[in-house]
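In what follows, a structure is listed as structure tokens, so that the remarks can point back to it.
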Amino acid sequence: MPATKREWRAELRAARRAVSPGQRQLESGLVGAQVLTLPEVLTAQSVHVYLSLPDEVDTAPIISALMEMGIEVVVPWMEDDGSMSSVRLLPEDVAHIVIGPRGVPAAPEPRTVVPGQWDVVLVPLVGVDERGTRLGNAAGHYDRLLAAHRRPSVALAFDCQVVEQLPAEDHDIPMDVVVTPQGVWRAPPARPGDGPSG
């Protein structure tokens with residue numbers, strides 16, 4: 001069993017890549033349908049959503065549905081210095097998503113939003129465990145985003161990305177909600193000795 005974050009990333013990325021396109025589409029649809037029933041999302045005026053890479057849970061249908069519901073969509077924007085900020089995505093932008101720095105999908109132009117002016121964050125991941133510990137891509141962008149603007153966090157995962165326990169560090173922000181094709185669960189509050197409390 002992997003012991004370090006680096007080893008876990010290698011194993012879970014390989015598992016994610018092994019998901020067939022058809023299965024990925026199926027599982028993404030199941031995840032997306034459940035996301036759109038979450039109270040945090042249904043009551044939101046603005047939702048921060050990642051623009052998915054080909055092997056991640058596909059957020060395009062979620063984004064379209066949010067826009068149809070009249071909910072503002074905010075997406076990540078990679079700055080030239082490697083930091084991540086956030087911009088508004090308009091309906092007319094959806095058909096013109098571009099590939100930005102480091103191969104990350106991006107809005108066609110940066111439409112400025114007030115930092116933190118969103119109600120919930122849909123978070124990408126490499127892996128997640130039963131405590132809500134998220135394993136990201138090692139850049140720390142979402143840990144910093146969630147630390148600076150505490151909002152309900154919702155992790156979107158394929159079945160193959162869920163494991164019993166991942167290593168956690170003090171700066172890791174646990175997820176409030178995890179959505180998989182199998183269902184939705186809310187991470188239990190951290191106990192003393194379990195690592196960061198959020």
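The values are calculated or read from the model by the stated rules, or taken from the named source; none is laboratory data. A quick note: this is a predicted structure, and the numbers were derived from the prediction, not measured. Virtual Cβ from ideal backbone geometry, glycine too; neighbours counted across all protein chains shown.
A few remarks follow.
- Of all the criteria given as (1) on the phi > 0 side of the Ramachandran plot; (2) modelled with pLDDT of 95 or more; (3) buried (at least 21 other Cβ atoms within 10 Å of the Cβ), the one not satisfied by GLY70 is (3).
- Applying the condition of being of a type in the set (A, V, I, L, M) and out of contact with any helix residue (DSSP H, G or I) (no Cβ under 9 Å at 6 or more places or on another chain) to the stretch 15-32 and asking which residue is farthest from ILE71 (Cα to Cα) yields LEU26.
- Flag if VAL123 is more than 25 Å from GLY29 (Cα to Cα) and crowded, with 19+ Cβ neighbours inside 10 Å: no
- Candidates VAL47, VAL31 - the one that is part of a helix (DSSP H, G or I), surrounded by 11 or more Cβ atoms within 10 Å (Cβ to Cβ), in contact with a strand residue (DSSP E or B) (Cβ under 6 Å, 6 or more places away or on another chain) and in contact (Cβ under 8 Å) with a residue 12 or more places away in the chain: VAL31
Listed here are the residues, each with its yes/no results for (1) outside any loop (DSSP other than H, G, I, E, B); (2) under 19 Å from ALA15 (Cα atoms); (3) touching a Leu at 6+ places or on another chain (Cβ under 8 Å).
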| position | (1), (2), (3) |
| --- | --- |
| LEU122 | yes, no, yes |
| LEU146 | yes, no, no |
| ARG150 | no, no, no |
| VAL154 | yes, no, yes |
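- Scanning the stretch 6-43 for residues that are in contact with a Cys (Cβ under 9 Å, 6 or more places away or on another chain) and of a type in the set (A, V, I, L, M) gives LEU12, ALA15, ALA18, VAL19.
- Within the span defined as the stretch 56-63, every residue fails to be surrounded by fewer than 16 Cβ atoms within 10 Å (Cβ to Cβ) and in a strand (DSSP E or B).
- Residues satisfying the stated conditions in the stretch 79-94, i.e. more than 27 Å from THR180 (Cβ to Cβ) and either touching a helix residue (DSSP H, G or I) at 6+ places or on another chain (Cβ under 7 Å) or not in a helix (DSSP H, G or I) (or both): GLU79, ASP80, ASP81, GLY82, SER83, SER85, VAL87, ARG88, LEU90, PRO91
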